[in-house]
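One structure is given below, encoded as structure tokens.
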Amino acid sequence: MLKRLLLGTQHRGRLWAALIALCLGTTLLLLSVMIWWNFNELLYGKGQDDSLGSTFLIIGKRVTDQNMGVPNATIFQPQDIEALKQAPQVQDVGVITSNHFPIYAMMGGQLPLATDLPLESVPDKFIDKMPADWKWEPGSRDLPIIVSSQFLDIYNYVFAPSQGLPQLSQSSVKSIALNLKVGKGDRTETFLAHVVGFSDRIGSVLAPQSFIDYGNKTYGNPGVPMTYSQVIIKAKDPSDKHFADYLQQHDYATNSQNLRWSKVRAIVEVVTSATGILALLLMGIGTLVFILFIELTIAKAQASLTLLLQIGYSPRYISRFMTGRFLPLILGTVVCSMAIAAAGQWVAAVNARTQGLNLPLLPGWPVWAALALSTAILLVLVTRSISAAIRK
């Protein structure tokens, strides 16, 4: 009886228009939050591979026409390293130690190669793929080394085809031994080097820190202090504007590809902001139309309301009844929006995994928080409008 007296059947088009606007607005709001959250997951989420270059950067002082040829102009002093540790977004700093002694590498068999070989070492915590046998002690002739993945790509796709040499897989490279002649003149040693891993983070050849320290002490220039021309840093968010400004102000150079997230972040912020504003506008319009439809429905049932109040129905009971009729429509709209957002997250996660990136299959807590907050605000507005219209 209450349904027939209070709820008419006219102007259903306004109701559906309001619900569609609410659904679109809520969906866009959830998608904008989800895009922002996914970007942060890719940037420094726990499930990401740090080899993406999003947290570790190789930093050096830029070589310019003014400092070119100036001794120690591009060397990091102790105060430079301490200042870097206090820079925005920097969590840790490690020095890259290079060999200050001659190293000559020779390879036999089907690969008759011989060349001077520069080696470097970094603290173990900065190595992206730590081999199980990454250690060396003085007196040992077996030396493990880590090679940059880019080196193997250059050999396979540039050097080998032009020289008529066989291309090599990573497993085959690990089975090849290198004879390293260390030192010069009568003071030399020979080591047998094996590639035990590949690095996507550091573009050089790495040896254990103990070997580089031993070589510099034994075959380096005595009495010359150790200098560092490069450092490796771990940054919480390399796309942060303050961090990028710090590098520019101190004339520090790094691979521009490592800072690609700065440009991506700017794009993401523009997209999410624009989408969020559009979502709020659609939600506002949908809410306004929905409330106007409710008020119009109640105004049309003024005579019925007067009758119901005269026969003993309280305004609170009638308000609860009206709220109960419209509440399922609101919740259905919200559930539909969340289903669309969840489907979008699943599709994004599946496509990301084909690119070697890890994204959760379900939306994260910021998306659910945005859903809960928007739903709560919508329910409060609708409930108050119903109560106000009935009292009026």
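The values are calculated or read from the model by the stated rules, or taken from the named source; none is laboratory data. The structure displayed is predicted, hence computed values, not measured ones. For neighbour counting, all protein chains shown are included, and Cβ atoms are generated from backbone atoms with ideal geometry for every residue, glycine included. The accessibility values were calculated without ligands, DNA or RNA, using every heavy atom of the protein model including side chains. Shrake-Rupley method; radii C 1.70, N 1.55, O 1.52, S 1.80 Å.
Structure values in brief
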{"item": "Set LYS61/LYS174; LYS85/LYS184; LYS61/LYS135; LYS184/LYS234; LYS135/LYS217 screened for pairs whose C-alpha atoms are more than 28 Å apart", "result": "LYS61/LYS174; LYS85/LYS184; LYS61/LYS135; LYS184/LYS234"}
{"item": "Alpha-carbon gyration tensor eigenvalues x 5, square-rooted, for the stretch 118-190, Å", "result": "25, 19, 12"}
{"item": "Where labels lie 7 Å past Cα in the beta-carbon direction, separation of ASN179 and THR218 in nm", "result": "1.8 nm"}
{"item": "Label point distance in nm, ARG325-LEU292, each placed 7 Å from Cα along Cα→Cβ", "result": "2.0 nm"}
{"item": "HIS250 versus HIS100: modelled label distance in nm, points set 7 Å from Cα along the beta carbon direction", "result": "2.2 nm"}
{"item": "Accessible surface, 1.4 Å probe, highest first, among residues CYS23, CYS336", "result": "CYS336, CYS23"}
{"item": "Ellipsoid semi-axes in whole angstrom, largest first, where each is sqrt(5λ) of the Cα gyration tensor of the stretch 56-236", "result": "29, 21, 17"}
{"item": "Inverse of mean 1/r across different Cα pairs in the stretch 85-144, Kirkwood, Å", "result": "14.9 Å"}
{"item": "Interchain or long-range residues, amide H under 5 Å from SER204's placed H", "result": "SER148"}
{"item": "Spin-label zone in the stretch 87-102 - amide nitrogen under 14 Å from a point set 7 Å from the Cα of HIS242 along the C-beta vector", "result": "87-91"}
{"item": "Förster radius 35 Å - calculated FRET efficiency between GLN79 and LYS135 (Cβ-Cβ, nearest 0.05)", "result": "0.60"}
{"item": "With DNA, RNA and ligands ignored, accessible area of ARG201 (1.4 Å probe; Å², nearest 10)", "result": "40 Å²"}
{"item": "The stretch 56-236, accessible area per residue, ligands and nucleic acids excluded (1.4 Å, Å²)", "result": "54 Å²"}
{"item": "Accessible area, probe 1.4 Å, largest first, for residues HIS194, HIS250", "result": "HIS250, HIS194"}
{"item": "Efficiency of FRET from Cβ geometry, SER162 and LEU280, R₀ 51 Å, rounded to 0.05", "result": "0.30"}
{"item": "Ranking by accessible area, most exposed first, for MET226, MET68 with a 1.4 Å probe", "result": "MET68, MET226"}
